[in-house]
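The values are calculated or read from the model by the stated rules, or taken from the named source; none is laboratory data. Please read all numbers here as calculations on a predicted model, not as lab measurements. Glycine also receives a Cβ, built like all others from the backbone with ideal geometry; neighbour counts cover every protein chain displayed.
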Amino acid sequence: MSTSSGSSIRVLIVEDDPMMQLGLEQSLSTAPGITVVGQADDGYRAVEEAKRLKPDVVVMDIGLPRLDGIAATQQIKAAIPEIHVVMLTSHTTENEVIGALSSGADAYCVKGTTVDRLLTAIEAAGEGASYLDPLVARQVMDHLKPATTTEPSIVGQLSQRELEVLKLMVEGLSNPEIAAALYLSPNTVKTHVRGIMNKLAVDDRVQAAVVALRAGLV
């Protein structure tokens, strides 16, 4: 569910800590281009509210009562695939990060990040792009050993231009932003992104970013 420029991104906040929930609501409500449409404090309510409100983006904690954020994300994505999910959590272990991304999360932010960085993640997700918190990206690279047996074949499959596009995808840039950075047309970037995902045998941009980090490509 991409949002057109000038339209407001509708956000559902899922957080069980009342103070954190209040802080998020205040920060996001005053941000231009963001409309907070609802809140939930456990995983089951998150799924129910996502189905009812159909937000553009869900800001999701992992450590939730009754149903954790990873399982809730999986259920939301299964029910309404066009809803984008930004994980905002203190959880940074390899299993949790990869589990969240595998469940369909489009972006991953670590609690304590700046409001600007969270807004960047929300905007990227709203545009169908991926975003990984730099802390998480470093941990993914630290914990996932380079796939030495497949890395040469992956490198050989991607052109230099595709590698440049992939690097910007990992940084969370949308197609228009990549086009501007590389002085390409949006249609050319779209073609490169499609080619990258086909060559890496992945279904979305976050999976492409994970493969790139695992293989040490970027």
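Only one of these is assigned to a loop (DSSP other than H, G, I, E, B) and among the polar types (S, T, N, Q): Thr113, Thr73, Thr35. Name it. None of the other options fit; the residue is Thr113. Filtering Asp56, Asp61, Asp42, Asp68 for residues that are at pLDDT 90 or above and in contact with a Pro (Cβ under 6 Å, 6 or more places away or on another chain) leaves a single hit, Asp42. Just one of the numbered conditions (1) among the polar types (S, T, N, Q); (2) surrounded by fewer than 24 Cβ atoms within 10 Å (Cβ to Cβ); (3) under 26 Å from Lys167 (Cβ atoms) is not true of Gln74: (3). If the condition is being polar (S, T, N, Q) and in a helix (DSSP H, G or I), then region 17-32 contributes Gln21, Gln26, Ser27, Ser29.
Per-residue answers, yes or no, for (1) in contact with a Leu (Cβ under 8 Å, 6 or more places away or on another chain); (2) at pLDDT below 90; (3) buried (at least 20 other Cβ atoms within 10 Å of the Cβ):
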{"residue": "Ile80", "(1), (2), (3)": "no, no, no"}
{"residue": "Ile83", "(1), (2), (3)": "no, no, yes"}
{"residue": "His91", "(1), (2), (3)": "no, yes, yes"}
{"residue": "Val97", "(1), (2), (3)": "no, yes, yes"}
{"residue": "Ser103", "(1), (2), (3)": "no, yes, yes"}
{"residue": "Asp106", "(1), (2), (3)": "no, yes, yes"}
{"residue": "Lys111", "(1), (2), (3)": "yes, yes, no"}
{"residue": "Arg117", "(1), (2), (3)": "no, yes, no"}
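Residue-level check: of (1) more than 16 Å from the chain's Cα centre (by Cα); (2) of a type in the set (A, V, I, L, M, F, W, C); (3) part of a loop (DSSP other than H, G, I, E, B), Ile62 misses just (1). If you scan region 52-71, which residues turn out to be in contact (Cβ under 8 Å) with a residue 60 or more places away in the chain and touching a Lys or Arg at 6+ places or on another chain (Cβ under 9 Å)? Passing the criteria: Asp56, Val57.
Residues that are within 25 Å of Ser102 (Cβ to Cβ) and either charged (D, E, K, R) or not in a helix (DSSP H, G or I) (or both) within region 160-189 comprise Glu162, Lys167, Glu171, Gly172, Leu173, Ser174, listed in sequence order. Can you tell me which residue is modelled with the highest pLDDT among those in region 119-136 that are in contact with a strand residue (DSSP E or B) (Cβ under 6 Å, 6 or more places away or on another chain) and either part of a helix (DSSP H, G or I) or outside the structural domain of His84 (by TED's automatic domain parsing) (or both)? Out of the qualifying residues, it is Ile122.
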